[in-house]
1. When the residues of segment 498-552 are filtered to those that are more than 15 Å from Phe349 (Cβ to Cβ), part of a helix (DSSP H, G or I) and of a type in the set (Val, Ile, Thr), which remaining residue is modelled with the highest pLDDT?
2. Just the residues that are assigned to a loop (DSSP other than H, G, I, E, B) and modelled with pLDDT of 90 or more, please, taken from segment 84-93.
3. With the structure loaded, tell me whether Lys466 is in the same structural domain as Leu345 (by TED's automatic domain parsing) and without any contact (Cβ under 8 Å) to a residue 40 or more places away in the chain or whether it fails that test.
4. Hey, can you tell me all the residues within segment 362-389 that are assigned to a loop (DSSP other than H, G, I, E, B) and within 23 Å of Gly120 (Cα to Cα)?
5. Any idea which of (1) in contact with a strand residue (DSSP E or B) (Cβ under 8 Å, 6 or more places away or on another chain); (2) free of Cβ contacts under 8 Å to residues at least 12 places away in the same chain is the one Asn398 doesn't satisfy?
6. Test Gln344 against the criterion of being in contact (Cβ under 8 Å) with a residue 40 or more places away in the chain and either touching a Pro at 6+ places or on another chain (Cβ under 7 Å) or not in a helix (DSSP H, G or I) (or both), and give yes or no.
7. Output the number of residues of segment 173-182 satisfying the condition of being surrounded by 15 or more Cβ atoms within 10 Å (Cβ to Cβ) and out of contact with any Asp or Glu (no Cβ under 7 Å at 6 or more places or on another chain).
8. Checking Ile336 against (1) at pLDDT 85 or above; (2) within 30 Å of Asn502 (Cβ to Cβ); (3) not in a helix (DSSP H, G or I), which test does it fail?
Amino acid sequence: MKKSSEKTKVLESLGWSDSNQSNFFDFNKNHIGDRFKGTFTIKKIKSKWFWYFKFSNDKISPRTKYLCSCDDIGNSKTSFNHATQIFLEKVNISFANKNVIEPNLSKYIDEYIKKCMIDGGLVYKENLKGNSELTSKDDVVRTKNIKTMTRRVRMLSELKEYCIENNIKTIELSKNDFRNTYRDYLTHIKDRKKKNRDGESKSNNKLARSTVKLHLQTIRMFFNWMVEPKDMGGKGLIKQHHITIDYQNYLLKEFYGDPSTHNRIYDDFSLKNYETASEDCIKYIREVWNLYCKYDGDREKIREERLSYNKKMSDGTYSGVIHKNQPKNLIVMGDIVYFISLLQLRYGFRISEILDSYRNVDVWEEHASNKSTQMSSYFRKVEGEGEERDYYILEIKNSKKKDRLVPIVDNIWSWYEPPKNVNSIHIPSKEKVKERWETNIIDVIFEIFYPYEHPKTFPSPNQSEKPNKGYSNTYYLNLFKEKCVNDNQYNWGKYGITSTHNLRSYFVSYMFSKSASIELVCRISGHSYQTAHKFYQRINTKMLKNQLDINSIKNILRK
């Protein structure tokens, strides 16, 4: 490159050389690409020197772009190094106009929020307290899961407020030191109290690690949208950002430690604990089903035996009048947890996959909303061929963006013949084996949880107000803690089971302890290979240790 002797001397004094320039382009060729090829140069304006970049691409106008003053070095060792960093930042935003890249980042967060609301079919409406509340539109075609988009909008709204308060500019996003801003925001949400939907603090409790992780993931999705080209649905405003998944997980580990240290289920799983929890569920279901079969499905007799009480008078005596607990026709009530827990222990379902399931494909087609994007599931009966028994398949749609089929073959025994409308197999008495009937667990559930056709497998007990609805997740999770985790009779908490998700972990651990393949476990549970491998590695290490205990070196040497 030919330059005047004066310019060359100034360039060299600023740290420029042909080799330094060549090395810079070689090192950053993937980031710069073919469009931004050219050379660094300087111009003298009113006795001061300034850095410019001259493009070799004649389609760029003007071909020479201003970078910075030669007096500026920032945190770099030389003025040339500083100019190269300014060049990379401008490449990152495609040399956009300053008016485009200088606004507060909240401007584009607001734009992304509107996109998320359209995707989720959401709109703001005033609630009873006079505050704005997100709700769904019924007359739109949603392209995203409404629950996911509702949560995303709330989290983005909080980020928007933070950016306004701290005057965070859009241009900062393309810089590597924006990681410090990301870290500061993590500190901000980690230390704040939980809020209700109106934005008011509802307790002194701080956000859980999992909730903070959702905040960080939501922010990364917004950043990805800022990078994504316009023809792919993004904003296309910057070339790249520096908030990677690895950096996000690094911060979570730094702030919260390794998540495995918080999960007792890894330490407390044992075959004995798994079998005990399963037997607790089977024993309860078998007792209820036997009683149901004994009275041939007469719900009034069953409720009188299981749920009735003699009303106590004010003077301490009893009225002699038998009262039955509400609601009518329901003979299980809160003990629904043993039915659902057994399915989770035996098949590894996520709680929503089974709790929100529909009874068959017809009612699923009629009642399930947003099937293409929202998680839903329904049962399909399969007639056995030859001596094979009938069984059910739970068809799960869009669970963690995956579809899968899970066959359900477990049977419940009864010593009384089930009602005639229930499909059961009769096992005659033989030698010391008592006569019994075997009924698929799903047929038992369909019969016990209302005999008439209801769209949901587990109908809401409040049928007067929610005739086509099932149990709410929150209500069910509270029941689970009350009946299974903290109950003196079962007390699953001592096994490390503190939530319904632990039952899913128990199932995966049990499958690997029985030498199931990783591929099979992934197909049944819907886990990714990486997640399933963590369980496999833990169980396999434990089994290897037990084997070495049995065949210790000392015992081997004795032989």
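1. Looking at the filtered set, the residue picked out is Ile518.
2. First, pick out the residues of segment 84-93 that are assigned to a loop (DSSP other than H, G, I, E, B): 93.
Result: no residue meets the conditions.
3. Numbers: in the same structural domain as Leu345 (by TED's automatic domain parsing): yes; without any contact (Cβ under 8 Å) to a residue 40 or more places away in the chain: yes.
It is true that Lys466 is in the same structural domain as Leu345 (by TED's automatic domain parsing) and without any contact (Cβ under 8 Å) to a residue 40 or more places away in the chain.
4. Step one: of segment 362-389, the residues assigned to a loop (DSSP other than H, G, I, E, B) are 368-375, 383-389.
The answer is Ala368, Ser369, Asn370, Lys371, Ser372, Thr373, Gln374, Met375.
5. (2)
6. Details: in contact (Cβ under 8 Å) with a residue 40 or more places away in the chain: yes; either touching a Pro at 6+ places or on another chain (Cβ under 7 Å) or not in a helix (DSSP H, G or I) (or both): no.
The answer is no for Gln344.
7. From segment 173-182, those surrounded by 15 or more Cβ atoms within 10 Å (Cβ to Cβ) are 173-175, 178-179, 181-182; that's our starting set.
Within this subset, residues satisfying the condition of being out of contact with any Asp or Glu (no Cβ under 7 Å at 6 or more places or on another chain) are 173, 179, 182.
The qualifying residues number 3.
8. Ile336 satisfies every listed condition except (3).
The values are calculated or read from the model by the stated rules, or taken from the named source; none is laboratory data. This structure is a prediction, so every number in the text was calculated from the model and none was measured. Because the Cβ atoms are built from the backbone with ideal geometry, glycine has one as well, and the counts that use them run over all protein chains shown.
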